[in-house]
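Structure, as structure tokens:
The values are calculated or read from the model by the stated rules, or taken from the named source; none is laboratory data. Small disclaimer: the values here were computed from a predicted structure and weren't measured. For neighbour counting, all protein chains shown are included, and Cβ atoms are generated from backbone atoms with ideal geometry for every residue, glycine included. The accessibility values were calculated without ligands, DNA or RNA, using every heavy atom of the protein model including side chains. Shrake-Rupley method; radii C 1.70, N 1.55, O 1.52, S 1.80 Å.
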Amino acid sequence: MSLIERRNAQSRERARRGLLIASFASALSGCSGVQSALDPAGSEAEKVATLFLVMVVGGAMAWILVVGLLAHALNRNGPALDEKKAGKLIFWGGAFLPTTTLAALLAYALWLMPFLRPWSPAGATDTLKIEVVGEQYWWRVTYLLPDGRNVVSANEIRVPVGERVTFTLQAKDVIHSFWIPPFAGKMDMIPGRTNRLTIEANRAGTFRGACAEYCGTSHALMAFPAVAMEADDFRSWLDARTVPSPNVEGRGRDLFLSHGCGACHTVQGTGARGVIGPDLSHIGSRLALGAGVLEISQEQIARFISNPAAVKPGARMPAFGMLPPDDIRAIAVWLEGLK
Ligand code: CUA
């Protein structure tokens, strides 16, 4: 082998190794992140992740055993087994072993199931309840406080760390599925039916939930930030949402009302009481616009008002691009200020 050939072979080997390491790294990095079931932040998700690990390890061990036996059989020299020995091998290796292994994995999975849908104790009135309704293509969110007050929000879920929260899940139009992978498994939202899902976040952080059932054109654009907050922070966040935003006055409000936005949207402290679209009372303090699609900024809000369908195909909100640009801008500035 010439020097050049040797160098080429070495660099090919280095590239191959680099590729291998990169693919392992990217495979592992897929396990973490804001929307990963393998990077749990809730007690239900932790059990799901453990189940996944047990199944993967169990499956890998069975695979290694089978492939090892196959390799052994292919390399084996010598006389064939007599009929009695072959029968024993088939019974123990082909029937007994797979049956016990699969039965053990199944028993473990069945044992785990009650923990994955932990209802709040019957009659418990102190658990926080959050009502979520799936719409095309956004989330109507109502916090039902133990004292009877309701806080209406949209496209963002916030929960306290270390407390059980019960979600009641419904759908307005078609089937959606509510899924915050770091907190728990998914649950369908079905028109005409109420499903429940109870979760308990066990560490603070900002995560991402998404619709997990194809529901139309913008299914892939139906997500939401899911925030787990320390209990005290959560209470003060919630309290601040029981009253109108301090920045509710302004020219933007007058334009919002005179252009008829209040027919579909509610903004606390104004005459806007529409319930067709998302509640916008504190939209400026949310982490995303348009159900996890855009960041909250004056520019993006103006963009959404001008032509929602350009951002979100199939959105029910009509385009308001015909309004004077200055009016759109003023409304966007006002909305962004509603914290
Ligand atoms: Cu809603 Cu997919």
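The table that follows gives values for the structure above.
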| item | result |
| --- | --- |
| Selection count, segment 290-303, where residues are free of Cβ contacts under 8 Å to residues at least 24 places away in the same chain, open to solvent by less than 30 Å² (accessible area, probe 1.4 Å) and part of a helix (DSSP H, G or I) | 0 |
| Complete set of residues in segment 251-260 that are at negative phi and either open to solvent by 20 Å² or more (accessible area, probe 1.4 Å) or of a type in the set (Gly, Ala, Ser) (or both) | ARG251, GLY252, ARG253, ASP254, LEU255, LEU257, SER258, HIS259 |
| Residues within segment 304-339 that are part of a loop (DSSP other than H, G, I, E, B) and of a type in the set (Phe, Trp, Tyr), tallied | 1 |
| Enumerated strands (runs of 3 or more DSSP E) restricted to segment 125-231, each holding at least 1 residues that are β-branched (Val, Ile, Thr) | 128-135, 138-144, 150-154, 157-160, 164-171, 195-200, 205-211, 223-229 |
| Residues of segment 56-78 satisfying the condition of being of a type outside the set (Val, Ile, Thr) and open to solvent by less than 70 Å² (accessible area, probe 1.4 Å) | GLY58, GLY59, ALA60, ALA62, GLY68, ALA71, ALA73, GLY78 |
| Flag if LYS129 is open to solvent by 10 Å² or more (accessible area, probe 1.4 Å), more than 16 Å from the ligand (Cβ to nearest atom) and in contact with a Ser or Thr (Cβ under 6 Å, 6 or more places away or on another chain) | yes |
| Failed criterion for GLY290 (all others in (1) small (Gly, Ala, Ser); (2) closer than 21 Å to ALA171 by Cα; (3) in contact with a Pro (Cβ under 6 Å, 6 or more places away or on another chain) hold) | (3) |
| Hits in segment 210-230 - residues which are open to solvent by 60 Å² or more (accessible area, probe 1.4 Å), in contact with a strand residue (DSSP E or B) (Cβ under 7 Å, 6 or more places away or on another chain) and within 16 Å of the ligand (Cβ to nearest atom) | GLU213 |
| Residue check for VAL152: at pLDDT 95 or above, buried (at least 16 other Cβ atoms within 10 Å of the Cβ), within 16 Å of the ligand (Cβ to nearest atom) and not basic (Lys, Arg) | no |
| Criterion: part of a loop (DSSP other than H, G, I, E, B), closer than 25 Å to ALA226 by Cβ and open to solvent by 50 Å² or more (accessible area, probe 1.4 Å) - qualifying residue of LEU280, LEU287 | LEU287 |
| Tabulated pairs, segment 215-241, first more than 20 Å from GLY205 (Cα to Cα), second near the ligand (Cβ under 10 Å from one of its atoms) and of a type in the set (S, T, N, Q), C-beta under 6 angstrom, 6+ apart or interchain | GLY216/GLN136 |
| Filtered residues of segment 261-277 (kept if surrounded by fewer than 16 Cβ atoms within 10 Å (Cβ to Cβ), more than 28 Å from the chain's Cα centre (by Cα) and aliphatic (A, V, I, L, M)) | ALA263 |
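To keep it simple, each residue is scored yes or no on (1) modelled with pLDDT under 95; (2) within 16 Å of the ligand (Cβ to nearest atom); (3) touching a Leu at 6+ places or on another chain (Cβ under 7 Å).
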site: GLU135; (1), (2), (3): no, yes, no
site: TRP138; (1), (2), (3): no, yes, no
site: LYS172; (1), (2), (3): yes, yes, no
site: ILE190; (1), (2), (3): no, yes, no
site: ALA204; (1), (2), (3): no, no, no
site: ARG208; (1), (2), (3): no, yes, no
site: ASP232; (1), (2), (3): no, no, no
